[in-house]
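Structure record follows, encoded as structure tokens.
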Amino acid sequence: MLPQIKTLDEYRQQYQASVDDPQQFWANIGAHFNWQRKWDKVLDWNFQDPSIKWYDGAQLNITENCLDRHLPARADQVAIIWEPNDPKEAARHITYGELHASVQRFANVLLNNGVKKGDRVCIYLPMIPEAAVAMLACARIGAVHSVVFAGFSAQSISDRVNDSGCRMIITADGFYRGEKKFELKGIVAAALQSTPTIEKCIVFNHRNLPVKMEAGRDLWWHEEWQKADAENKAATVEAEDPLFILYTSGSTGKPKGVLHTTAGYMVFAAYTFKNVFQYQEGEVFCCTADIGWVTGHSYIVYGPLLNGATTIMFEGVPTYPDHGRFWELIDKHKVNIFYTAPTAIRSLQAFGEDIFADKDLSSLRVLGSVGEPINEEAWHWYHDNVGKGKCPIVDTWWQTETGGVMISPLAGITPLKPAFATLPLPGVELLLVDEKGNEIKGNGVEGNLCIRHPWPGMARSVYGDHPRFKQTYFSTYPGLYFTGDGCRRDEDGYYRITGRVDDVINVSGHRIGTGELEDAISMHGEVIESAVVAYPHDVKGQAIYAYVICDKHIENKDVLYKDIRDHVTQVIGAFARPDKIQIVPGLPRTRSGKIMRRILRKIAEGDTGNLGDTSTLIDPSVVDTIKAEAIH
Ligand code: WTA
């Protein structure tokens, strides 16, 4: 059993131990897993190259830790509860024994279709247990999964598939989210027009939707399943062999394939799950994220399964068939720990509290929040109405790149402060720096959030582009990992994340790179150039404001706006559509050609009183025109 911190004193002592002797600390935690071979060295690292190796020399298979290891005690315990989009449809309960069997068989399906250790496999599936089976089956044979969120466009799929050279893609006919139908197979077919490395496409028949199968390439999941053997011996994987790639947006360029390796990620996902949520044996855990994002990887699949927990996969949305869906789901499955995003909380808050009249919610013990800063009002609403004032809220700060939670209260142990992620987990050495990289010491200060020492769950590289890994995270402040977030440390030493300090926009917890979005908008035939910025939004946290320069006079602006939005849906996905679009004659540029985003941000925020110094602009008059025509 993994160690679990029980008191605040113990937290402080463990934290200190993790800083004083990280190798000993993580060796102790590592001892609680199943290894095929023990490691030679716990940690080898430098942040210059950068090169990070945890548990080097060890051999293992993460699925033996997620599944096989639990069988003697919990073969009949439910591992995954699937709650369908339509509440009238039956939920599915999959035991550890059944999941173990499915993963073995699907691992054989992969092998039968030519997937080998080290090969990349793209997974483009709805929130169904088969998504977890596919991920674990990859891990079982040592293949690398690259899950692409089922809201991404065909173009985004092919970009990702090509970047990592995936050999296979696994998808489904389609699914419903709320009342909306998503025909995944059709989207994949379009993506596969330009993906030379894909040899096979496996299709799970989820909703009996009509699909066109291409002979020689497309195969039905159920047919391959029949042909595969039942047993599969877990492959031997090196500690630092890749486990998965997950694409995420940064401030510049195309999305990066964040690369996570096996042993360190496993240890960190398991340790953080158990300690942050204070998971107790037998509890039901529900995380409402999508497996297409890191939260789904670490806290729907790996973290819970590594701890032998029961994890829920919810296919639907919080507002279907009505805005009580989450609370019904909690009562129906007696959820003990519920983990969701501030956007979801805020969107439900808007409907009022009547919905709680016939909800019990007494099974709840811990609430969690992730993905964006949670404002105090939403925090209190969540605490009072959902947690009935008795459930601690763990506001967990972390990133795709960190693999697991980095700053968070330990449920019921760390004294809470609304809207504060509070304190770092053991092994997480934070510091705040100023623009020049000087450390800002003491309390009651604010700066850019950096990390000075490796932790086991950290990303190891950007797939196929290690220089970009260095450039993005280790070169702004040499010798430190830079998170891209701003952060305040208050008088009590508590951390509060203030948001991105780079050009990444966080819309409803989705990371959108401004550069990537501008590229997409500028690809539209009538747009010459564009600049996008964020403005605060009551529900989504941030929304997108796009300034576009067109090559000719636009007669019908509404048609163009719709066209641009549709175009973004096609290139990236619907979640990246700009909320406001303004046609502008030019952009505020400095003499060196840089767009002054600060000004554009202020205008988007409606704060046009004092735009600060505009004297360095080539043409300050452009600002007046933009201001006069701004959309509020
Ligand atoms: C933001 C999601 C404030 C932050 C796990 C980070 C948060 C980015 C919080 C990573 C939080 C995440 N409070 N901000 N509790 N959690 N963020 O990679 O800006 O999708 O850098 O990982 O989300 O987003 P990502």
Tell me the trypsin sites (Lys or Arg not before Pro) within region 44-100 that lie in a loop according to DSSP and have at most 12 other beta-carbon atoms within 10 Å.
-> 88
Report, by chain and number, residues whose modeled amide H sits under 5 Å from the one on residue 510, excluding near sequence neighbours (fewer than 5 apart, same chain).
-> none
Quick one: dipole size for the chain, taken about the Cα centre, charges +1 on Lys/Arg Cβ and -1 on Asp/Glu Cβ, in debye to the nearest 20.
-> 740 debye
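Do any GluC sites (Glu not before Pro) in region 212-300 lie in a loop, going by DSSP, with at most 14 other beta-carbon atoms within 10 Å of their beta carbon, and if so which?
214, 231, 281
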Computed FRET efficiency, Cβ-Cβ of residue 328 and residue 569, R0 25 Å: what is it to the nearest 0.05?
-> 0.25
Lys, Arg +1 and Asp, Glu -1 on Cβ, resulting dipole of region 57-152 about Cα centre, debye, nearest 20 = 320 debye
Let me know the shape class of the chain, please: from the alpha-carbon gyration tensor, a ≥ b ≥ c as square roots of the eigenvalues, rounded when a/c is under 1.5, otherwise prolate if a/b is greater than b/c, or oblate.
-> rounded
For residue 616, what charge total do you get from the other residues with a beta carbon under 13 Å from its beta carbon, if Lys and Arg give +1 and Asp and Glu give -1?
-> +2
Mind checking region 79-186 for GluC sites (Glu not before Pro) that DSSP puts in a loop (not H, G, I, E or B) and that have at most 12 other Cβ atoms within 10 Å?
-> 89, 179
Listed residue (329, 375, 342) projecting farthest to the positive dipole end of region 328-379, Cβ model | 329
Per-residue ellipticity at 222 nm attributable to helices in the chain (runs of n ≥ 4 DSSP H, -39500 (n - 2.57) apiece, nearest 500 deg cm²/dmol) works out to -7500 deg cm²/dmol
With the Cα gyration tensor of region 210-346 giving a ≥ b ≥ c as the square roots of its eigenvalues, does the rule (a/c under 1.5 for rounded; else a/b larger than b/c for prolate; else oblate) give rounded, prolate or oblate?
-> rounded
Region 559-613 to region 470-497: how many Å between their Cα centroids?
-> 27 Å
Summed over the other residues with a beta carbon less than 10 angstrom from that of residue 255, with K and R at +1 and D and E at -1, the charge totals +1
Counting DSSP beta bridges with both ends in region 8-449, the antiparallel % (nearest 5) | 40 percent
Which of 53/470; 117/470; 181/562; 88/359 have a Cα-Cα distance over 24 Å?
-> 117/470
Would you work out which of 78, 14, 272 lies farthest towards the positive end of the dipole of region 8-449? Charges go on Cβ: Lys and Arg +1, Asp and Glu -1.
-> 78
Nonlocal amide H pairs with residue 581, under 5 Å, H built at 1.01 Å | 546
Roughly how many Å is it from the Cα centre of region 20-75 to that of region 191-263, as a whole number?
-> 25 Å
Residue by residue, what Karplus-based ³J(HN,Hα) values in Hz, rounded to whole numbers, does region 608-618 have, using 6.51, -1.76 and 1.60 with θ = phi - 60° and x for Gly and Pro?
-> 9, x, 10, 8, x, 6, 10, 5, 7, 6, 5
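Every number here is computed from the coordinates shown, using simple stated rules; none is lab data. Since the model is a prediction, treat every value here as computed from it, not as a measurement. Positions of Cβ are generated from backbone atoms using ideal geometry, with glycine treated the same way; all protein chains shown enter the neighbour counts.
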